[in-house]
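Have a look at the structure below, then the notes.
Just so it is clear, none of the values below were taken in a lab; they were calculated from the coordinates. It should be emphasised that the depicted structure is a prediction, and the values quoted were computed from it without experimental measurement. When we count neighbours, we look across all protein chains shown, and the Cβ atoms used for this are built from the backbone with ideal geometry, even at glycine.
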Amino acid sequence: MSDSTTRTNPPGTADLDPLLIDAEADDEQVQAQPAVTPRPWLLLLGLVLVALNLRPALSSMAPVLGQVSDGLGLSAAQAGLLTTLPVLCLGLFAPLAPVLARRLGSERVVLVILVTLALGIVLRSTLGVTGLFMGSLVAGASIGIIGVLLPGIVKRDFPQHAGTLTGVYTMALCLGAAMAAGATVPLAQYFDNSWALGLGFWMLPALVAMLVWLPQARQGHGQHKVAYRVRGLWRDPLAWQVTLYMGLQSSLAYIVFGWLPSILIGRGLSPTQAGLVLSGSVIVQLASSLAAPWLATRGKDQRLAIVLVMLVTLCGLFGCLYAPLSGLWGWAVVLGLGQGGTFALALTLIVLRSRDAHVAANLSSMAQGVGYTLASMGPFAVGLVHDLTGGWAALGWVFAIIGLGAIVFGLGAGRALHVQVTSEKV
């Protein structure tokens with residue numbers, strides 16, 4: 001049986017319910033039946049705790065990056081590679097998630113990967129430069145795998161509330177990022193100015209999540225699966241527009257995670273103040289990440305919303321880079337509002353540009369795999385530019401080029417069309 005997807009106007013806002021894509025589905029398999037969850041409250045608590053751990057390994061490094069670089073003798077280019085490596089792993093290791101889930105089950109994979117995440121966090125705090133880079137690689141790979149699996153579990157076990165839980169999932173991501181950005185420097189100071197212990201602390205939330213998740217891994221879920229194959233996605237221009245928008249907006253997000261505190265420290269803030277500014281900006285994302293998808297589906301398409309949130313993001317970035325420090329918190333709020341909207345819209349576009357869940361699963365895999373690999377180049381470019389120029393002023397060009405590219409591809413991705421693919425049952 002085949003179902004050729006044509007470019008027609010997507011359905012209305014009801015399509016937001018499957019925003020959390022079935023992560024176990026790939027070109028070969030997709031779930032057909034939701035599993036029975038005897039204790040949904042425990043599963044929901046576990047999901048929130050796991051989601052809280054998907055950003056601290058990324059956002060905790062930025063506030064202490066200067067201390068790490070000084071302590072280990074890293075150049076700006078090496079520091080840029082350090083911020084790039086985990087993001088690169090998000091894209092490179094995402095395709096492993098469906099393979100592992102089919103063999104072991106999503107719940108067991110999440111448990112095992114939580115262990116590797118904790119080990120990666122510990123490793124980067126030990127063994128010097130080698131441990132720093134190896135631990136960052138392991139942590140990034142772990143986050144990339146869990147980040148693909150977790151939304152699929154939510155969609156499977158809470159199918160009637162997937163839209164609402166999208167907000168909960170996003171909120172947990174932002175909260176974890178904000179906590180790590182704001183607390184890492186105070187933790188390091190508490191531990192006798194040890195950046196290693198400040199970073200290593202974030203192993204503990206991963207262990208707590210692992211303990212709460214353990215009953216899910218023991219129980220597992222038997223699943224009846226139906227095989228589908230989606231053809232033509234990688235040749236479709238609209239799919240590439242969605243993917244490139246995802247990658248470019250993510251590039252700006254991970255530049256903020258990796259470098260904003262260093263930029264602000266260079267402008268005269270203390271490491272604690274810089275970490276708090278990043279934390280506050282990320283917390284603000286909670287509001288726009290919930291509001292932007294709802295507002296974007298009120299109109300005929302998402303092009304205007306994409307342009308607006310990206311312009312707001314660029315205003316926030318330029319304000320943090322060039323404006324007087326007296327207004328810094330205002331610019332940080334603007335930046336958070338913009339980036340919360342760009343991220344939420346990137347997720348929303350995956351659903352709105354797909355006719356069914358099988359196509360959406362494949363488009364999600366493509367957008368994450370290619371998009372995050374592309375996004376990793378942003379933090380590396382910042383480190384390289386800083387190394388070449390000896391300052392931060394030239395970064396405005398980096399922000400402008402990436403932001404303009406995101407707008408261009410977003411205008412294509414925001415049209416009320418579907419990707420042209422063929423979905424076949426095999």
In whole Hz, with x marking every Gly and Pro, tabulate ³J(HN,Hα) for segment 255-267 from phi via Karplus 6.51 cos²θ - 1.76 cosθ + 1.60, θ = phi - 60°.
5, 5, 4, x, 10, 4, x, 5, 4, 5, 5, x, 8
Give me H418, H386 sorted ascending by neighbouring Cβ count inside 10 Å, so fewest comes first.
H418, H386
Given points 7 Å out from each Cα along the Cα-Cβ axis, report the A291 to R231 separation in nanometres with one decimal.
4.6
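Please give the FRET efficiency for A323 paired with Q189, using the beta carbon to beta carbon distance and R0 = 25 Å, rounded to the nearest 0.05. Kindly include the intermediate steps, with their values, before the conclusion.
Numbers: r = 28 Å, r/R0 = 1.13.
Once the sixth-power term is evaluated, E becomes 0.30.
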Quote the relative contact order of segment 174-324 in percent (integer), defining contacts as alpha-carbon pairs under 8 Å separated by 6+ residues.
34
V208 versus L104, label points 7 Å from Cα toward the beta carbon: distance in nm?
2.4
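Expressed as a fraction of 2.2 N^0.38 Å, the rule-of-thumb size for a compact globular protein of N residues, what is the C-alpha radius of gyration of segment 170-215? Walk me through the intermediate numbers first.
On the way: Rg = 12.2 Å, N = 46, 2.2 N^0.38 = 9.4 Å.
Dividing the Cα radius of gyration by 2.2 N^0.38 Å gives 1.29.
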Rounded to whole Hz, the Karplus (6.51, -1.76, 1.60) HN-Hα couplings of segment 49-63, x for glycine and proline:
5, 5, 4, 4, 8, 8, 10, x, 5, 8, 8, 6, 6, 4, x
Extending each Cα 7 Å along its Cβ direction at S270 and L42, get the distance between those two points in nm, one decimal.
4.5
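Of all trypsin sites (Lys or Arg not before Pro) in segment 239-338, which ones are in loop regions per DSSP and have a Cβ with at most 10 other Cβ atoms within 10 Å? Write out the running numbers ahead of the final one.
Numbers: sites: R267, R298, K300, R303; in loops: R267, R298, K300.
Filter output for segment 239-338: R298, K300.
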Could you give each residue of segment 126-137 its phi-based ³J(HN,Hα) in whole Hz, using Karplus coefficients 6.51, -1.76, 1.60 with θ = phi - 60°, and x for Gly or Pro?
9, 6, x, 5, 4, x, 4, 6, 5, x, 5, 5
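Using the number of other C-beta atoms within 10 angstrom as an exposure proxy, rank W202, W41 with the fewest first. Don't jump to the answer; show the numbers that get you there.
Working: W202 27, W41 8.
Result, fewest neighbours first: W41, W202.
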